[in-house]
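Report on the following structure.
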C-alpha cells in the first residue's frame, strides 16, 4: 500500500472523511452565474494580498523593534543588512497600498452590479467592515517605521479622532496613550497592527466568505427573481473561474515585485517631534479626506469636517438598507449608479486636488501654482515673448 | 411527567420554578464575574500618567536670538514656539488648533503658518485664515538673571 493511501486510510478509519470530501468537491465545482467575468476576481486578489501581508508581516516582525529609540534603525537594518529584508519590506508596503486599491475595486464591482441587495446585505456589511479595517491597518502600520511622515500623519490622524463629538478628547488620549504622540502611541499601534487587527480581519473574512458561499453569487436579475442555475449551466468555479483568478494573481505578484524594485518606499528622516515637515501629505487613500478637511473653517469647522469625512463610510455600511429597490442591472438603477459615480468622482477630484495642492504644475506650456485649497493661479514671473519690453 | 421548559410550570404561567430561578442566578453571576474581569482590563488600557518633561523650560540660547527669530522648546512634553520681537519674548503653543501639526514662524510676514492644512495665525496667535478653530494658547515667559523660561500660562 502506497504512503498516501495509508495516510488516507488512517483518517478514513477515524473520521467521516467522505462528508468532508463531498463538501470540498461541491464547493470547488460550484457553478457560478454566467455573467461572472474578469471583474469578479478582485475579492480573491484581496484575499491573496491579505495572505501575503500576513507572511511578510511575520517576517518583518522578526527584526522590527517597536520603540522610538530602535524602530527607525531596525527598519534600516532590515533594508540594508537582512537577507532579502528590503524585498519583504517593499512587498509589505506596496501590498498594503494595493490591498486597499483591490478592496475598493471589489466594492465598486459589487456596488454597480447591485450584488449587495437582499439576501446579501450582510455580506456587503462585513465587506465594508473589512474595507474600514484595511484602512485602519494601513494607518497603524504607517507609524511603525517611526519616521517624520509617519509621526506627523499619526499626529493629524489621531487629532482628527479628537474632533469626534462628545468622546473626542477621551478618544484622542486613549489612542495616543497620552497627550501627544510618543513611544506609548507606537506600542499601542504596534499591538493593534500585529495582533488585534489580523485576528479580527481573519474572522471577518471567514464570515464574509461563508456568507458569500451560502447565498451564492448574485445574478443581474431583480431581487426575488433570481433563478437557480440549471444543472450543466453556469461557469464552474474550478477550473474556469479559478484559472482567471490565477492569471490575475500571478500578474499581481509580478506587479508587486516590479513596484518594489522600480519604485521602492523611502524610509525618509527619523521622527522629530519638534519639526513638522513642510508639504506633508498623506497616502493616496487619505488624500480626499485630507483635502476636504481644509475647506471647513471656524470654531466647529474641524468637527463638521470629521463628520463629513466619516459620512461616506456610514452611508456605505448601511447602503443595502437605504437602497431597497429590486433592480440589480445598472441600467435600471439610474439613481444608485448616479450616486455611486458622483461619490467616486468626488473622491477622485478631491484626491487629485489634494495631491497637487501647494505645488506648481505645468499645463499646456503654462505654469500654475495650485494653492492649498486647490485653486490654480497663473504664474507670470517667467518672461515670455508676449511681454511688453520694460524701459 | 413532561419536562419543564424555560423554567416555567406550563405555557402561560409566569410562576418561576426553582430551576428557572437558578438559571437566572447563574446568568447573573456569570455576567457579574465577566464585568469584574473586564473592568480592570479596560482600566489597564487607559494611559497611566507618565512625566512628560519639566513644566518650566529654559529657552537655550535665547540671548543669541535676533528680533524676529523663533525657537521651538518642549514644555511638559508639548511643543512651544518662542518668538523674539523688539519688545522682548513671547511664547505660544506650537500645536496647531486644527489637527495638531506644529506651526512655523514666518519672519517676513510676521505670522504663524501650519504646513499641514494651511492655517495662518497672526503674531499674537489669533486666527487669520485657514481651518484653525481657535487661537494658539499663549505661554508665560519669565526672565531670571538673563535666562528666559517658558511655562504654561
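Taking Rh as the Kirkwood radius, which is the inverse of the mean 1/r over Cα pairs, what is the Rg/Rh value for chain A?
Details: Rg = 24.9 Å, Rh = 24.2 Å.
On the Cα set of chain A, Rg over Rh gives 1.03.
Rounded to the nearest 0.05, what FRET efficiency is calculated for residue B:86 and residue A:187 with R0 set to 56 Å and r the Cβ-Cβ distance?
Approximately 0.75, to the nearest 0.05.
Kindly put A:73, A:215, A:113 in sequence by how many other C-beta atoms sit within 10 Å of each C-beta, fewest to most.
Details: A:73 13, A:215 16, A:113 19.
With the fewest neighbours first, A:73, A:215, A:113 line up as A:73, A:215, A:113.
Can you check what the Kirkwood hydrodynamic radius comes to for the stretch A:1-120, Cα pairs only, in Å to one decimal?
Its Kirkwood hydrodynamic radius stands at 18.7 Å.
Mind jotting down the distance between the C-alpha centroids of the stretch A:270-347 and the stretch A:28-88, whole Å?
About 26 Å separates the Cα centre of the stretch A:28-88 from the one of the stretch A:270-347.
Using alpha-carbon pairs under 8 Å, 6+ residues apart, how would you state the relative contact order of chain A in percent?
Relative contact order here is 22 percent.
For labels at residue B:109 and residue A:173 in the simple 7 Å Cα→Cβ model, what's the distance in nm?
3.5 nm
What spacing in nm lies between the two simple spin-label points modelled at residue A:122 and residue A:209, each 7 Å away from Cα in the Cβ direction?
Going by the 7 Å Cα→Cβ label model, 1.8 nm.
Counting only DSSP beta bridges with both residues in the stretch B:7-151, what percent are antiparallel, rounded to the nearest 5?
Rounded to the nearest five, the antiparallel share is 100 percent.
Treating each Cα of the stretch B:13-121 as an identical point scatterer and ignoring solvent, apply the Debye formula and state log10 I(q)/I(0) at q = 0.18, 0.24 Å⁻¹.
Relative scattering, expressed as log10 I(q)/I(0), comes to -0.95, -1.25.
Using alpha carbon centroids, what distance separates the stretch A:224-242 and the stretch B:85-153, in Å?
Centre-to-centre distance over Cα atoms comes out at 66 Å.
Tell me the angle of helix A:85-112 to the major Cα principal axis of chain A, expressed in degrees between 0 and 90 and rounded to the nearest ten.
Between the helix axis and the principal axis of chain A, the angle is about 70 degrees.
Rounded, prolate or oblate, given the Cα gyration tensor of the stretch B:57-152, with a/c below 1.5 counting as rounded?
Here the stretch B:57-152 falls in the prolate category.
Kindly identify the stretch A:217-370 as rounded, prolate or oblate by the Cα gyration tensor criterion: order the square roots of the eigenvalues as a ≥ b ≥ c, call it rounded if a/c is under 1.5, otherwise compare a/b with b/c, prolate if a/b is larger, else oblate.
Verdict is oblate for the stretch A:217-370.
Just check the stretch A:76-171 against the gyration tensor rule for me: Cα atoms, a ≥ b ≥ c as the square roots of the eigenvalues, rounded for a/c under 1.5, and otherwise prolate or oblate depending on whether a/b exceeds b/c.
Working: a/c = 3.53, a/b = 1.32, b/c = 2.66.
Oblate is the answer for the stretch A:76-171, as a/c is 1.5 or above yet b/c matches or exceeds a/b.
Test of understanding: what is the full-extension gain from residue A:19 to residue A:304, defined as 0.36 nm times their sequence separation minus their Cα-Cα distance?
97.0 nm
Per residue, how much space in cubic angstrom lies within the convex hull of the C-alpha atoms of the stretch A:83-129?
69 Å³
Please give the helix B:18-45 orientation as an angle from the longest Cα principal axis of chain B, in degrees from 0 to 90, rounded to the nearest 10.
Long axis of B:18-45 versus the principal axis of chain B: about 10 degrees.
Using 7 Å Cα-to-Cβ label points, what is the residue B:31/residue B:65 separation (nm, one decimal)?
For residue B:31 paired with residue B:65, the spin-label model returns 5.9 nm.
Nearest 10 degrees, 0 to 90: what angle lies between the long axis of helix A:148-161 and the longest principal axis of chain A (Cα atoms)?
Taking the Cα atoms of chain A, the angle to A:148-161 is about 80 degrees.
Relative contact order of the stretch B:57-152, please, whole-number percent, based on alpha carbon pairs below 8 angstrom and at least 6 residues apart.
25 percent
If the elastic network links every pair of Cα atoms under 10 Å, which of B:130, B:20, B:68 fluctuates the most in the Gaussian network model of chain B?
Largest GNM mean-square fluctuation: B:20.
Multiply the residue gap between residue A:12 and residue A:349 by 0.36 nm, knock off their C-alpha separation, and tell me the result in nm, one decimal place.
Numbers: separation 337, 0.36 × 337 = 121.32 nm, distance 5.97 nm.
Here the answer is 115.4 nm.
If the viscosity is 1.567 mPa s and the temperature 4 °C, what Stokes-Einstein diffusion coefficient in µm²/s follows for the stretch B:37-100 when Rh is the Kirkwood radius over Cα pairs? Intermediate values should be presented prior to the final figure.
On the way: Rh = 14.3 Å.
Rounded, D is 91 µm²/s.
All of the numbers you see were taken from the coordinates with simple rules; none came from a lab. Since we're looking at a predicted model, the values are computed, not measured. Virtual Cβ from ideal backbone geometry, glycine too; neighbours counted across all protein chains shown.
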